[in-house]
Amino acid sequence: MKKLLFTLLLGLMTGSVFPADYVDQINSAMEKRDEGRRVIYEMNVGSFTQAGTFAAAQSRLLELKTLGIDIVWLMPIYPRGGGINSPYAATNFMKTNPKYGTIADLKAFVSSAHELQMEVWLDWVPNHTATNADWVTTHPEYYAKSGGQMIHPNNYGDVWQLDYNNANLVNAMNDCLKFWIDEADIDGYRCDYISSQRIPASYWQTTIPMIKSYKPNKTVTFLGEADIATDATRLKTVGFDYDYAWQFQSNLASYGTGNASARLKAFVNTLLERSSGLSFGRMLYVTNHDQNYNESKKTLTQKYGDNRYPLTVLAYTVYGMPLIYNGQETGGNQALDYFNDTKINWATKDDKMLNTLRTLFAMKHDIMALNDSKIAAQNPAVNWKTVTNNSAVLAYTRTLGDSEVLVILNMATSAGSATITGLTAGQWSLWLDSETIAQGTSRKQVTLNATHVFSLDAKGYRVYVRGNYAEQDITPYTAVTTPQMVNRVRPDNRLYDLSGRPVCAPLRPGVYICDGKKIIYNH
């Protein structure tokens, strides 16, 4: 009898009525979301769990599903070398880091993600290998040389530069890309340092379509680590599906703990101007492994202070595919040394950040106005609203067809009010309210006038969706418990434990009540 993994969620019931969490219902839906509605999660396997293995991370995939994650990007999973233990100094591109597990373990991780309608992308390091990589001995001709000596790119002493003028090297790298599709059924590649002048644009023009067409009915996505729209413009037409909106994050970091809304408006306008008409999507973020560890201001609080909350709302509603770095859901206030796989302290709690992220991702999944499909991305638009009486408040809408979202941010260090004009008068639903979100998710119907006065808390934010939606009182979120094993569903539509005891009754499709607790079960 087949065993499937599930995760207990959201704690104890009160009597016989389980409080509905509409955010959880949206994010937990067993569907593979299309381009423009997806959220990506950067995971360092060694940091994500105490065990630091594929198997341990696999057991927590349902937590990511209910958080609202559609794609898991794994930081480099290859054996490390070079002397400083960087994950970006691989010794063999066709092996896994033995501390993480085997290729079979990775395949099992990917298979579980696929059962949950999630994708897995690998971090690909095309520019270089570790100085003690297998190829250094077996294929020294694969490396660029100066005066007969191998080259350290950017003076990185732990790696050697690969030579893309060598056709055999190109073939070997392409074979590695195919290898992980064959062996683990991976769905995409985040490609490191594509701005390297040592990797010609012609390589990507040939390789990307080759890998995309490698297997029938298999979609492989390519994310390039560069701001292609602004900096690496020579790569605009080589076939990448996403780039980094790197300049936008840099602008947010320069804004830091600021309070003037005009600067943020200018940053957004620049982002949208440079994003218009692109043939690829853009990934937006407030931090990642580089920002979290390599910069002097590492944590979200160090970078942004209390702005970390409204700037997160801005980045994840203004345009593009949201990225969160592992641990960001706890507040993002731990600097993770990815050279040594610092373990995430999951005991740290920031309910305001967690519930804000959960709600933003539910909106990304469910509200068409926040869809960033390539069709919509041809002319990405934010509709600025006129704000009077408060220079610290920023207000804008996103629209697509009949769908409309209103975002209001107060960047001031004190509470205040603002008069906002140019709104669509009528019924709106308040999905995200900074004053209550730390207590749990909620949804409330309100009537807005074309000119409306809003009262906002310090560093506060509100996100409204136009239309009528079922209301929900504030519903606390309870942390996920230890994974369990159960048998498959039997014909009576109940779940049974391994001893055959009926423990779970259906609540709604894919959701069950088991011993007084709710579970998500993909069968």
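The values are calculated or read from the model by the stated rules, or taken from the named source; none is laboratory data. These numbers come from a predicted model, not from an experiment. We place every Cβ from the backbone using ideal geometry, glycine too, and count neighbours over all the protein chains shown. Areas reflect the complete protein model, heavy atoms only, side chains present, ligands, DNA and RNA absent. Shrake-Rupley method; radii C 1.70, N 1.55, O 1.52, S 1.80 Å.
Start at zero, step by 20 Å, and the Cα-Cα distances of the chain spread as 22, 54, 23, 1 percent across the bins.
Residues of the stretch 150-194 falling in the label zone of Asp337, defined by backbone nitrogen less than 20 Å from a point 7 Å along Cα to beta-carbon, are 157-159. Secondary structure note: in the chain, about 70% of the DSSP beta bridges are antiparallel.
Estimated at 0.36 nm per residue, the fully extended path between Ser403 and Ala201 surpasses their Cα-Cα distance by 68.8 nm. Over every pair of different alpha-carbon atoms in the stretch 71-189, take the mean of 1/r and invert it; report that Kirkwood radius in Å. For the stretch 71-189, inverting the mean 1/r across all distinct Cα pairs yields 14.9 Å.
Label-point separation (nm) for Ser111 and Met94, each offset 7 Å from Cα along Cα-to-Cβ? Here the modelled spin labels are 2.2 nm apart. Note on Ser213/Asn389: beta-carbon distance plugged into 1/(1 + (r/R0)^6) with R0 of 60 Å gives a FRET efficiency of 0.60. With the simple spin-label model, which puts each label point 7 Å out from Cα in the Cβ direction, the Ala347 to Ser250 separation comes to 4.0 nm.
Below 8 Å between Cα atoms, with a sequence gap of 6+, how large is the relative contact order for the chain in percent?
17
Note on Lys265: aspartates and glutamates with a C-alpha under 14 Å away, same-chain residues under 8 apart excluded, are Glu273.
Among the listed pairs Lys349/Lys385; Lys107/Lys236; Lys32/Lys99; Lys298/Lys364; Lys32/Lys215, which are separated by more than 23 Å between their Cα atoms? Beyond 23 Å between Cα atoms: Lys349/Lys385; Lys107/Lys236; Lys32/Lys99; Lys298/Lys364.
With protein chains left intact and a 1.4 Å probe, residues in the chain average 38 Å² of accessible area per residue.
If eta is 0.692 mPa s and T is 37 °C, what Stokes-Einstein diffusion coefficient results for the stretch 331-467, Kirkwood Rh from Cα pairs, in µm²/s? Let's see the in-between values first.
On the way: Rh = 16.5 Å.
Rounded to a whole number, D works out at 199 µm²/s.
For the stretch 56-136, what class follows from the C-alpha gyration tensor (a ≥ b ≥ c being the square roots of its eigenvalues): rounded when a/c is under 1.5, otherwise prolate if a/b is larger than b/c, else oblate? Cα axes put the stretch 56-136 in the prolate bin.
Here Ser296 and Glu273 are evaluated by their C-beta separation; at R0 = 30 Å the FRET efficiency comes out at 0.50. Taking only C-alpha pairs under 8 Å that are 6+ residues apart, what is the relative contact order of the stretch 19-84 in percent? Dividing the mean separation by the residue count of the stretch 19-84 yields 44 percent.
Please give the calculated 222 nm ellipticity per residue for the chain, where each DSSP H segment of at least 4 residues contributes -39500 (n - 2.57) and the sum is spread over every residue; nearest 500 deg cm²/dmol?
When only DSSP H runs of four or more count, the value is -7500 deg cm²/dmol.
Please say if the stretch 105-173 is rounded, prolate or oblate, where rounded means a/c under 1.5 for a ≥ b ≥ c the square roots of the C-alpha gyration tensor eigenvalues, and otherwise the choice is prolate for a/b larger than b/c and oblate otherwise? Prolate, since a/c reaches 1.5 and a/b exceeds b/c.
Modelled label positions at Ala438 and Lys145, each set 7 Å beyond Cα in the direction of Cβ, lie 6.3 nm from each other. The Cα-based radius of gyration and maximum Cα-Cα distance (Dmax) for the stretch 171-228 are 11.5, 33 Å. For the stretch 212-365, the fraction of C-alpha pairs more than 23 angstrom apart is 42%. Given q = 0.15, 0.21 Å⁻¹, what are the Debye log10 I(q)/I(0) values for the stretch 163-297, with equal point scatterers placed on the Cα positions and solvent ignored? Treating every Cα as an identical point scatterer, log10 I(q)/I(0) equals -0.82, -1.28.
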